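Before any comments, here is the structure.
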Amino acid sequence: MKNHYLVDGIAALLLNLSVGFGVASPAAAQQAPNLSPNNGAAASVRLVSEEQAQANTIPVDIYTGRGSVIDFRNGEVIAYIQLSDMSELVYSTNVPLESGRSSMVVLREIEPLNFEGQTTAAVPNLIVSTIDLEGVSRTYIFDLHLKQERPSGVRGNGIAIVPTNVSPTP
């Protein structure tokens with residue numbers, strides 16, 4: 001368990017250094033950087049409006065050897081995560097969930113594992129519950145697609161959930 005938090009801490013540090021916008025609190029998330037499609041930062045991930053993400057199951061591509069992010073850039077913090085199939089995927093968060101400050105999940109493919117009694121899925125899913133500044137809880141469902149080919153464009157890095165007034169990426 002200690003190694004899990006050490007890995008999460010290192011991953012969060014590296015993500016904050018490389019991405020440059022680690023979220024320290026829900027209030028800080030409200031003052032997110034310019035995420036318009038004309039901003040270079042927006043091109044790193046596919047933007048999905050919070051309205052679309054709440055109404056639909058959102059596909060996330062995970063490429064061998066790469067981390068794929070689900071980044072909540074809408075001021076919500078992650079309260080709960082459930083990964084349906086842990087035999088080929090692992091996740092970490094930018095800070096421990098218990099801190100109440102986590103806003104990003106990083107997913108990685110691993111070598112297949114056999115767990116006694118564990119079921120597997122051709123398309124596993126990830127369920128994430130969040131809480132906003134007013135204390136409203138929301139649940140998001142993501143279908144996780146393992147990809148062997150080389151990623152193209154923004155689909156290879158993951159997604160960002162953005163406020164409805166920000167234009168999503170097609």
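The values are calculated or read from the model by the stated rules, or taken from the named source; none is laboratory data. Not measured: the values here are computed from a predicted model. Please note: Cβ atoms are built from the backbone with ideal geometry, for glycine as well, and neighbour counts cover all protein chains shown. Only protein heavy atoms, including side chains, enter the accessible area calculation; ligands, DNA and RNA are left aside. Shrake-Rupley method; radii C 1.70, N 1.55, O 1.52, S 1.80 Å.
Summary table below
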quantity	calculated
Any pair with Cβ under 7 angstrom, 6 or more apart, that starts in the stretch 140-152 at a residue that is in contact (Cβ under 8 Å) with a residue 40 or more places away in the chain and ends at one that is in a loop (DSSP other than H, G, I, E, B) and surrounded by 15 or more Cβ atoms within 10 Å (Cβ to Cβ)	Leu144/Pro124; Leu146/Glu88; Pro151/Arg66
Test for Thr164: is it surrounded by fewer than 15 Cβ atoms within 10 Å (Cβ to Cβ), at pLDDT 90 or above and closer than 15 Å to Ser49 by Cα	no
Whichever residue in the stretch 144-161 is surrounded by 12 or more Cβ atoms within 10 Å (Cβ to Cβ) and at pLDDT below 85 and, among such residues, is farthest from Glu88 (Cα to Cα)	Val154
Restricting the stretch 61-88 to residues that are among the hydrophobic types (A, V, I, L, M, F, W, C) and at pLDDT 95 or above, the residue that is nearest to the chain's Cα centre (by Cα)	Ile70
The listed residue being closer than 24 Å to Ser44 by Cα, assigned to a strand (DSSP E or B) and open to solvent by 60 Å² or more (accessible area, probe 1.4 Å), out of Ile141, Ile81	Ile141
Test: residue in the stretch 124-136 that is of a type in the set (Gly, Ala, Ser), at pLDDT 95 or above, within 17 Å of Glu50 (Cβ to Cβ) and assigned to a strand (DSSP E or B)	yes
Qualifying residue in the stretch 12-32 (condition: open to solvent by less than 40 Å² (accessible area, probe 1.4 Å), of a type in the set (Ser, Thr, Tyr), out of contact with any Gly (no Cβ under 9 Å at 6 or more places or on another chain) and at pLDDT below 95)	no
Ile127 being under 19 Å from Leu47 (Cα atoms), touching a residue at least 60 places away in the same chain (Cβ under 8 Å) and either in contact with a Cys (Cβ under 6 Å, 6 or more places away or on another chain) or of a type in the set (Val, Ile, Thr) (or both)	no
Subset of the stretch 84-109 [surrounded by fewer than 21 Cβ atoms within 10 Å (Cβ to Cβ) and not in a strand (DSSP E or B)]	Ser84, Asp85, Met86, Ser87, Glu88, Pro96, Leu97, Glu98, Ser99, Gly100, Arg101
Residue within the stretch 73-87 that is touching a Gly at 6+ places or on another chain (Cβ under 7 Å) and aliphatic (A, V, I, L, M) present	yes
